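No value in this document is a laboratory result; all are computed from the given coordinates. All figures in this text were calculated on a predicted structure; none of them were measured in a lab. Counting neighbours? That spans all protein chains shown, and the Cβs are built from the backbone with ideal geometry, glycine included.
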Amino acid sequence: MVNQMPDRFRGSSVVGMIIVMVLWPAMFPGRVVSFQDSSIARISKPQGGVSVAVLFPFQEVYRIPLRVHLAGSSRSLHDFIPIYNEINRIWFSQAGICFDVESVMDDVDLDSDGFDMWFTPDLGGFNGYFDGEYIQMKDVPVLAPAENPSSDPAARTAAHELGHALGLGHRQDSVENLMRSKTFGWRLYPEEIEIARQNAAEITLPQSADDQDSCPIQ
Ligand SMILES: [Zn+2]
């Protein structure tokens, strides 16, 4: 099954990401970090040379292993590359949290810190859920609109469930919120970022000199 989200969602999301990147320096004085993301570089060109550099307000990027189990999914592996990229754009751009994603075709879960996520065509009426240990995802979640929506409902839902896994509850006061139920919003609040980063710090991979301020995208 392919992602059938209409183009208007994709376009608005691109605009949303660019707005974030443009506003970031004003919002967060800090050091410059670059996205190693060719798709962001591509989408910036039609907007007249918007820089891919953002000012990074965090002392440290937290890198969290994320093993994605696709043996039961109806989608192709190729479908998941933009999904992973969008999960990382949502989390890295706002919270300095970068998921180190590994796709597998088995059910062997991580034996180290991090999260396991399974995709399946039907989740009994759920778009996704975190059961306290594992994340379960529907292949193509059904979400309500947001003014600045994510591109892909699976990416948004996965990012939302990762929020739960990082200690966040629901926040229903705006359709723009990542932690609102069943909508396309992706925004995190400062207090949510603080909680998520505190939990991410407990399970982060060790830092290397090369990855202190960037999040490689596939
Ligand atoms: Zn939820």
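Taking a sphere under 11 Å around the Cβ of Arg171 and counting the other residues whose Cβ falls inside, with K and R at +1 and D and E at -1, yields a net charge of -2. The order of the peptides 175-187, 96-108 by mean Cβ neighbours within 10 Å, most packed first, is 175-187, 96-108.
Charging the Cβ of each Asp and Glu at -1 and of each Lys and Arg at +1, and nothing else, the dipole of segment 118-217 about its Cα centre rounds to 340 debye. Other residues lying with their Cβ under 11 Å from the Cβ of Met117 contribute a combined charge of -3, Lys and Arg counting +1, Asp and Glu -1. A crude spin-label estimate for the pair Asp173 and Leu77, with each label 7 Å from Cα along the Cβ direction, gives 4.4 nm.
Fewest neighbouring Cβ atoms within 10 Å first, the residues Leu123, Leu168, Leu77 line up as Leu77, Leu123, Leu168. Label separation (Asp131 vs Ser181): 2.0 nm, computed from points 7 Å beyond Cα along the C-beta direction.
Modelled spin labels at Gln198 and Asp113, positioned 7 Å past Cα toward Cβ, are 1.6 nm from each other. For segment 59-205, a crude dipole built from +1 on the beta carbon of Lys and Arg and -1 on the beta carbon of Asp and Glu, taken about the Cα centre, is about 520 debye to the nearest 20.
Taking square-rooted eigenvalues a ≥ b ≥ c of the alpha carbon gyration tensor, is segment 59-205 rounded, prolate or oblate, where a/c under 1.5 means rounded and, failing that, a/b exceeding b/c means prolate? Since a/c reaches 1.5 but b/c is at least a/b, the shape of segment 59-205 is classed as oblate.
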